[in-house]
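*Asks:* One structure, as structure tokens, below. Some questions next.
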Amino acid sequence: MSTTRNIRRTLRAGAVAAVAVTAALLLAGCGGDAKAGAGPKLALDAALPTTVPDGTRIVVGDPTTQKALELSGQLDKVSKYVQFANLSGGPQTIEAFRAHALDVGAVAEIPSIHATWTGLHVKIVASKFRQDPINHPIYEFGIAPGVNVKTLADFRGKKIAFSPGQAQGALVLKALKKAGLTKNDVKLIELPSTGDVYVNALAAKQVEVAPIGGVSIKRYLTKYGRDGGTTIQHGLRDDAGHLYVQTESLENAGKAAAIRAYVAAWGVAQDWIDKHPKEWIAGYYVKDQGLSEADGQWLVDNAGRPDISADWSAAIARHQETIDLLAAELDKPVIKAADLYDLRFQSVATDAIKAAAK
């Protein structure tokens, strides 16, 4: 079966899984909230309203920020207009958008692209990156025990875990390009990049190379390093994090005001996480996520410092490079990265961080 057919099959499978998640969300009572609360029509180039009308409600899939707001004592400031949904990431948020069960989703750089390719109209309203991103990557490439891979060029002929439509899949394509390789020089093995799937696939040598992130990097080396499991860094930026929304939510004046207010709260929450690492480790990584304090400290150290800018021009340029690569590799139309961003929100988070510091 060709790579293109495999990609299409995986996207369909991912959509089915995401639909199941969305169905569960609807049954849990979140469905319909993102469709409700109609307010005055707002043009997409009109100034953002700054007052959230009484009764306005938006559904937000951003569990990490929800916990940061709770730990920092700021949750009450958004709870009157925000209903949190326990979902994030591309497949879940895209299907929740389709079901009109979500207004705001937390994702990396790929979901906004794929959402657009599947007919959804979305806009990015907040962006966060990492200072010194090359030395603070989100992902490293895990190498299966006994496999000799020291550089990206050594990927030639290897079986590589691949998840089209997600950040890990895009990273694989970027790494191949950097190494001067193509898809034909490797064997892409389609696997969902969820949970421990990639780590287990490496351990079983189902794949020889896989992008793994977060604490999975540390745990993989601890568990399989003695058997010869290794990781290598890719030397690429993989640090993009966004909040994105459907344009229909922004065309509702009340919801647009609520989204603006949430982006401001989001910015303050990211700043709080950066300035309170001990509280974040204890309250989120240890108590909420069930990790050890050592794992939490490793994650904080690995993440470095956040970079939240009021100028998105460089981010848009990088996003365009990603779009061009994916369009060529996945046989999709090229879209303009600038069209994915709502520049009315460009300084909302940074302005809120500055105001909170006074």
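The values are calculated or read from the model by the stated rules, or taken from the named source; none is laboratory data. On a predicted model such as this, the values are computed, not experimentally measured, just so you know. Counting neighbours? That spans all protein chains shown, and the Cβs are built from the backbone with ideal geometry, glycine included. SASA here: full protein model, heavy atoms, side chains in, ligands and nucleic acids out. Shrake-Rupley method; radii C 1.70, N 1.55, O 1.52, S 1.80 Å.
*Asks:* Within segment 49-61, is there a residue that is open to solvent by less than 50 Å² (accessible area, probe 1.4 Å), among the basic types (Lys, Arg) and farther than 22 Å from residue 164 by Cβ? Outline the logic, then answer.
*Replies:* Just the residues of segment 49-61 that are open to solvent by less than 50 Å² (accessible area, probe 1.4 Å), to begin with: 49, 52, 56, 58-61.
Add one more test, that the residue is among the basic types (Lys, Arg), and what stays is none.
Scanning segment 49-61 turns up no residue that is open to solvent by less than 50 Å² (accessible area, probe 1.4 Å), among the basic types (Lys, Arg) and farther than 22 Å from residue 164 by Cβ.
*Asks:* Name the single residue that is nearest to residue 164 (Cα to Cα) among those in segment 190-214 being under 22 Å from the mean Cα position of the chain (by Cα) and hydrophobic (A, V, I, L, M, F, W, C).
*Replies:* Out of the qualifying residues, it is 191.
*Asks:* Going by the structure shown, is residue 342 more than 18 Å from the chain's Cα centre (by Cα) and within 19 Å of residue 129 (Cα to Cα)? First the steps, then the outcome.
*Replies:* Details: more than 18 Å from the chain's Cα centre (by Cα): no; within 19 Å of residue 129 (Cα to Cα): yes.
The answer is no for residue 342.
Conditions tested, residue by residue: (1) under 20 Å from the mean Cα position of the chain (by Cα); (2) open to solvent by 40 Å² or more (accessible area, probe 1.4 Å); (3) farther than 29 Å from residue 215 by Cβ; (4) at pLDDT 95 or above.
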residue	(1), (2), (3), (4)
270	yes, no, no, yes
280	yes, no, no, yes
316	yes, no, yes, yes
319	yes, no, no, yes
323	yes, no, yes, yes
347	no, yes, yes, yes
351	no, yes, yes, yes
354	no, yes, yes, yes
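*Asks:* Kindly evaluate residue 191 against the criterion of being of a type outside the set (Gly, Ala, Ser) and modelled with pLDDT under 95. Before the answer, list the steps.
*Replies:* Values: of a type outside the set (Gly, Ala, Ser): yes; modelled with pLDDT under 95: yes.
Answer is yes for this residue.
*Asks:* Specify the residue that is farthest from the chain's Cα centre (by Cα); the eligible residues are those in segment 107-132 that are open to solvent by less than 20 Å² (accessible area, probe 1.4 Å) and over 20 Å from residue 164 (Cβ atoms). Show your work before the answer.
*Replies:* The first filter runs over segment 107-132 and keeps only residues open to solvent by less than 20 Å² (accessible area, probe 1.4 Å), leaving 107, 110-115, 120, 122, 124-127.
Next cut, over 20 Å from residue 164 (Cβ atoms) only: 124-127.
Values: 124: 12, 125: 13, 126: 12, 127: 10 Å.
For segment 107-132, the residue satisfying everything is 125.
*Asks:* Name the pairs: first residue in segment 185-199 and within 16 Å of residue 216 (Cα to Cα), second residue in a helix (DSSP H, G or I), Cβ to Cβ under 6 Å, at least 6 apart or on different chains?
*Replies:* Hits for this filter: 193/168; 199/216; 199/220.
*Asks:* Here's something else I'd like to know. Collect the residues in segment 168-180 that are touching a helix residue (DSSP H, G or I) at 6+ places or on another chain (Cβ under 8 Å) and crowded, with 17+ Cβ neighbours inside 10 Å, keeping them in residue-number order. Reasoning before the result, please.
*Replies:* Taking segment 168-180 first, the residues touching a helix residue (DSSP H, G or I) at 6+ places or on another chain (Cβ under 8 Å) are 168, 170, 173-180.
Once the filter is applied, which keeps residues that are touching a helix residue (DSSP H, G or I) at 6+ places or on another chain (Cβ under 8 Å) and crowded, with 17+ Cβ neighbours inside 10 Å, segment 168-180 yields 168, 170, 173, 174, 175, 176, 179.
*Asks:* Do you know which of the residues in segment 123-155 that are out of contact with any Asp or Glu (no Cβ under 8 Å at 6 or more places or on another chain) and of a type in the set (Val, Ile, Thr) is farthest from residue 176 (Cα to Cα)?
*Replies:* Quick first cut of segment 123-155, residues out of contact with any Asp or Glu (no Cβ under 8 Å at 6 or more places or on another chain) only: 126-127, 132, 134-135, 140-142, 150-154.
Narrowing the set further to residues that are of a type in the set (Val, Ile, Thr) leaves 134, 151.
Numbers: 134: 17, 151: 11 Å.
Out of the qualifying residues, it is 134.
*Asks:* A further question follows. Restricting attention to segment 143-163, does a residue exist that is among the aliphatic types (A, V, I, L, M), part of a loop (DSSP other than H, G, I, E, B), open to solvent by less than 10 Å² (accessible area, probe 1.4 Å) and modelled with pLDDT of 95 or more? Quick ask: steps written out before the conclusion?
*Replies:* Initial filter on segment 143-163 (among the aliphatic types (A, V, I, L, M)): 143-144, 147, 149, 152-153, 160-161.
Of the ones still in play, those that are also part of a loop (DSSP other than H, G, I, E, B) are 144, 147, 149.
From the residues that got through so far, the ones that are open to solvent by less than 10 Å² (accessible area, probe 1.4 Å) too are 144, 149.
Narrowing the set further to residues that are modelled with pLDDT of 95 or more leaves 144, 149.
Scanning segment 143-163, I find at least one residue that is among the aliphatic types (A, V, I, L, M), part of a loop (DSSP other than H, G, I, E, B), open to solvent by less than 10 Å² (accessible area, probe 1.4 Å) and modelled with pLDDT of 95 or more, so the answer is yes.
*Asks:* While we're looking at this one, here's another question. Is it true that some residue in segment 79-91 is assigned to a helix (DSSP H, G or I) and aliphatic (A, V, I, L, M)?
*Replies:* If we filter segment 79-91 for residues that are assigned to a helix (DSSP H, G or I), which is where we start, we get 79, 90-91.
If we keep only those that are aliphatic (A, V, I, L, M) as well, we get none.
Checking segment 79-91: not a single residue is assigned to a helix (DSSP H, G or I) and aliphatic (A, V, I, L, M).
*Asks:* Suppose the filter is on the phi > 0 side of the Ramachandran plot and at pLDDT 95 or above; does residue 73 pass it?
*Replies:* So residue 73 passes the test.
*Asks:* I've got another one for you. Working only within segment 281-311, note down all residues that are over 15 Å from residue 68 (Cα atoms) and touching a strand residue (DSSP E or B) at 6+ places or on another chain (Cβ under 6 Å). Reasoning before the result, please.
*Replies:* Narrowing segment 281-311 to residues over 15 Å from residue 68 (Cα atoms): 290-295, 297-299, 301-305, 307-311.
Within segment 281-311, 304, 307, 308 qualify.
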